[in-house]
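What follows is a single structure, written as structure tokens, with notes after it.
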Protein chains: 2
Amino acid sequence: MKNYDILMDLALIMVGAKFMALVARKVKAPMVVGEIVAGLLLGPCVFGIMGPNSFISQLAEIGVILIMFSAGLETNLAELKKSGLRAFVIACAGVFVPFVCGALLYSCVYGFSSFGSEGFFKALFIGSIMTATSVGITVEVLKELGYLKTKVGQTILSAAIIDDVIGIIVLTFVLSFKDPKTKLATVSLKVLMFLAFSFILGYLFYRAFKLIDERYPHTRRIPIMAMGLCFALAYLAEAYFGIADITGAYIAGIILCNVRDAAYIDRKVNVNGYMFFAPVFFVSIGLKTSFNGMKGSLLAFSIGFVLVAMVSKLIGCGLISKCFGFKNNECVKIGAGMMTRGEVALIITNKGMALGMIDASYFTAVILLIIVSSIGTPLLLKALYSKYPDKEASA
Amino acid sequence: MKNYDILMDLALIMVGAKFMALVARKVKAPMVVGEIVAGLLLGPCVFGIMGPNSFISQLAEIGVILIMFSAGLETNLAELKKSGLRAFVIACAGVFVPFVCGALLYSCVYGFSSFGSEGFFKALFIGSIMTATSVGITVEVLKELGYLKTKVGQTILSAAIIDDVIGIIVLTFVLSFKDPKTKLATVSLKVLMFLAFSFILGYLFYRAFKLIDERYPHTRRIPIMAMGLCFALAYLAEAYFGIADITGAYIAGIILCNVRDAAYIDRKVNVNGYMFFAPVFFVSIGLKTSFNGMKGSLLAFSIGFVLVAMVSKLIGCGLISKCFGFKNNECVKIGAGMMTRGEVALIITNKGMALGMIDASYFTAVILLIIVSSIGTPLLLKALYSKYPDKEASA
């Protein structure tokens, strides 16, 4: 592949994404769905004009990092503190219920195994694939609809971030039986260290940015340095603490959300997002999808897998939200918002394969889950919000 | 290399570039120089914190494409038509003088060879490496100083674009003696076809954008579709017509420069540029620089090569400008603006190596030329403009 081939891919991605997004809006679907469908159309699934490649994947990663950074910048810190406990409990339920349901699904299809046997850990592993919410798509939909800053929106966002961390601990727990190198204590310690690290670093950077911002308000250096902080924290989270890079990016956003120029930074980051990186991210989800070699029995399992993964998240998060005084429709919104799965599920599947816990055929089930939840969640959220609009809405 | 390693590179590039750009401004140097120096500091030349990699190179390519697209968008079409002949003649001189001087330099150092011998073509090839101006850096400096839209600025820009095309014809002429697959007639025909193609396609897209722009002014689709056009033309230029991708991007800009929302598109493209892609481009120039294995005799030749390449361009373009009624200081500005060399020189060198015309050691000379001209031109331009400010300046 020549260096310039990528230019044609980018041209197709941008024009295709925008065109399908406008079509989606025409049929009253969220624009994000249009962009994912553009990827399905361009990719091996339909026309096969282009496939995924490492450059597009890395741009897509930057895309979701910018989405999460922007979500962090738009966070209302006071609201986040209030919703902390609530989000934590919802996240726990959102990890626990899918984990158990996933394990049960595997056991029902392939037979129950005794405690400690190979099949038992396989079942647990299938469960742990189902745990991690991928909140990028939900954030974009809530933003598009203008509900990101509401109580429900902020609860989904915080819960999804926390659920990522809990999911990692559960995964570590399962893996620690198979892989002697994986230690639950080490991982838990790392998570705690990351929190402490973010807190200290966050405070220092917050003070530094506040100072620069007061001396040079509205200069280019502010958003550029902010993007630098975002990339650095995303890297550190993943490289040193084993936490997803998007969590690091979100925390970078939270660190800066009370700086006076937060809205200015957010605006500049958003232009980069919607002009270039976000379309690449959404299209790349579609590009990665391929159903080659899908066999009958696996198809049946995959459909079951998708249904269980989505419904268990919906029920797990939805029911527990009821305890915090959310109205019924709000509970469904929270549950629906947590349904999306993304690259974290793929990464976990990959890890399981590398350790020989599951075989490659489960990839198809995971991809199906990603694509169905990526398209289903936005549609469901939009339907819910048009039926039960949230009165405290603000863009 | 893991997927997330790139995040740390990006963080360092952005923070480093901005920091050094501010330092450069402090010492009254153009900010672009600061960004290139940041690359030198980060790269193998000084601290060796990171090296060039394919992802960064591709981002850099997108960076220079966006710079040229933006330059096209800011073009005054009426002025361009007026300056057409002038720019053409200046470009011819800017190709011819360095070409001859380069060949003479080689012959002086390594001895004159008889017509048609190996040494003779080697000398011609060294000359053709010197022909292609890389205007990205000059554009950014003129923009920073606020002189891009002046008569001098537009003349430099057009001449540099034309010189790229003439340079390709000269290169083809030289190569056609060595490589039976390279045909001068084919290449000339391709260039003509590209011009015809751009003209027809350009007219169609101009009408289409005008229509969309009138119906949906100031909507996101306008800049996104424009970026799509830019990438597509950049690709087509390089893939089908053998012309540099940045020329395609510049033409895409010219096509849209009379659309009512041209300034709006330019603003959005610029945010992407200065927030992300442009720093990556300028830093990557520094990152690619390495003087490993530089030997004494080669060093002497390299220094001669750099001097001849820069002075011949300055004199070639400068003297001929005098014929068009430019004042002395304007002639020097035009000559200085055309001095920068970039990736095109590297690509030509690469081609010559692949055909066995020159050996790898000349790479060092070309890299030295790129880095010296990339830093020297901005400094010289800024000095010239502060001594002889242009009265028709406009940002």
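Along each of its three principal axes, how wide is the spread of alpha-carbon positions in region B:135-246, in whole angstrom units, largest first?
53, 33, 18
When the accessible area of each residue in region B:223-237 is compared between its chain alone and the complete protein assembly (1.4 Å probe; ligands, DNA and RNA ignored), which residues differ by at least 30 Å², being lower in the assembly?
Output list: B:Ile224, B:Met225, B:Met227, B:Gly228, B:Phe231, B:Tyr235.
Quick check: at a probe of 1.4 Å, how many percent of the accessible area of chain B sits on carbon and sulfur atoms?
67 percent
Interface A/B, total buried accessible area with a 1.4 Å probe, nearest 100 Å²?
Result for this pair: about 4400 Å² buried.
Mind running the shape call on region A:1-152? Use the C-alpha gyration tensor, a ≥ b ≥ c as the square roots of the eigenvalues: rounded below 1.5 for a/c, prolate if a/b tops b/c, oblate otherwise.
In terms of gyration-tensor shape, oblate.
With the other protein chains left in place, how much accessible area per residue, in square angstrom, belongs to region A:5-394 at a 1.4 angstrom probe?
Roughly 38 Å² per residue, with all protein chains present.
Shape call for region B:242-296 from the C-alpha gyration tensor, a ≥ b ≥ c root eigenvalues: rounded (a/c under 1.5), prolate (a/b greater than b/c) or oblate?
It is oblate, given that a/c is not under 1.5 and a/b is not larger than b/c.
Report the Cα centroid-to-centroid distance between region A:15-85 and region B:96-153 in angstrom, as an integer.
Using only Cα atoms to place each centre, the spacing works out to 45 Å.
Where along chain A is the Cβ that lies nearest the axis linking it to chain B, and how many Å separate them?
A:Val271, 2
Using DSSP to call loops (not H, G, I, E or B), can you name the chymotrypsin sites (Phe, Trp or Tyr not before Pro) in region B:1-109 whose Cβ has at most 16 other Cβ atoms within 10 angstrom?
Sparse-neighbourhood loop chymotrypsin sites (Phe, Trp or Tyr not before Pro): B:Phe47.
Run the helix sum for chain B: -39,500 (n - 2.57) per DSSP H stretch of 4+ residues, divided by residue count, reported at 222 nm to the nearest 500 deg cm²/dmol.
-26000 deg cm²/dmol
Dipole magnitude of region A:5-394 about its Cα centre, charges +1 at Lys/Arg Cβ and -1 at Asp/Glu Cβ only, in debye to the nearest 20?
So the magnitude is around 780 debye.
Can you return the aspartates and glutamates within cross-link range of B:Lys322? Criterion is Cα-Cα under 15 Å, with same-chain partners fewer than 8 residues away left out.
B:Glu330
Can you give the relative contact order of region A:5-394 as a percent, counting alpha carbon pairs under 8 Å and 6+ residues apart?
Relative contact order comes out at 30 percent.
Quick one: what Rg and Dmax do you get for region A:67-216 from the alpha carbons, in Å?
18.9, 66
Any chance you could look up the accessible area of B:Val259 with a 1.4 Å probe, heavy atoms only, rounded to 10 Å²?
Looks like 10 Å² after rounding.
Taking a label point 7 Å out from Cα toward Cβ, give me the nm distances from A:Phe177 to the same spot in the other copies, shortest first, one decimal.
So the label point of A:Phe177 gives 7.6 nm to the other copies.
Which residues, if any, in region A:7-55 have at least 30 Å² less accessible area in the whole protein complex than in the isolated chain, probe 1.4 Å?
So the qualifying set is A:Leu7, A:Met8, A:Ala11, A:Met14, A:Val15, A:Lys18, A:Leu22, A:Phe55.
Averaged over every viewing direction, what's the projected area of the C-alpha convex hull for the protein assembly as shown? Give it in nm², one decimal, please.
For the protein assembly as shown, averaging the hull's shadow over all directions gives 35.6 nm².
Once you have a ≥ b ≥ c as the square roots of the Cα gyration tensor eigenvalues for region B:5-394, tell me rounded if a/c is under 1.5, and otherwise prolate or oblate according to whether a/b is larger than b/c.
Cα axes put region B:5-394 in the rounded bin.
Leaving ligands, DNA and RNA out of it, rank B:Leu12, B:Leu73 by accessible area with a 1.4 Å probe, largest first.
B:Leu12, B:Leu73
Where in chain A lies the longest segment free of trypsin sites (Lys or Arg not before Pro) that are both loop residues by DSSP (not H, G, I, E, B) and have at most 11 other Cβ atoms within 10 Å?
Maximal segment without exposed cleavage sites: A:29-180.
Which residues belonging to region A:243-289 lose at least 40 Å² of 1.4 Å-probe accessible area when the assembly is complete, relative to their chain isolated?
Those are A:Lys268, A:Val271, A:Asn272, A:Tyr274, A:Met275, A:Phe276, which lose 40 Å² or more relative to the chain on its own.
Can you tell me the alpha carbon radius of gyration of region B:297-359 divided by the globular rule-of-thumb value 2.2 N^0.38 Å?
Against the empirical 2.2 N^0.38 Å value, I get 1.41 for region B:297-359.
The values are calculated or read from the model by the stated rules, or taken from the named source; none is laboratory data. Quick caveat, the model's predicted, so the values are computed rather than measured. Note that we place each Cβ from the backbone using ideal geometry, even for glycine, and neighbour counts take in every protein chain shown. Calculation scope for accessible area: heavy atoms of the full protein, side chains included, ligands and nucleic acids excluded. Shrake-Rupley method; radii C 1.70, N 1.55, O 1.52, S 1.80 Å.
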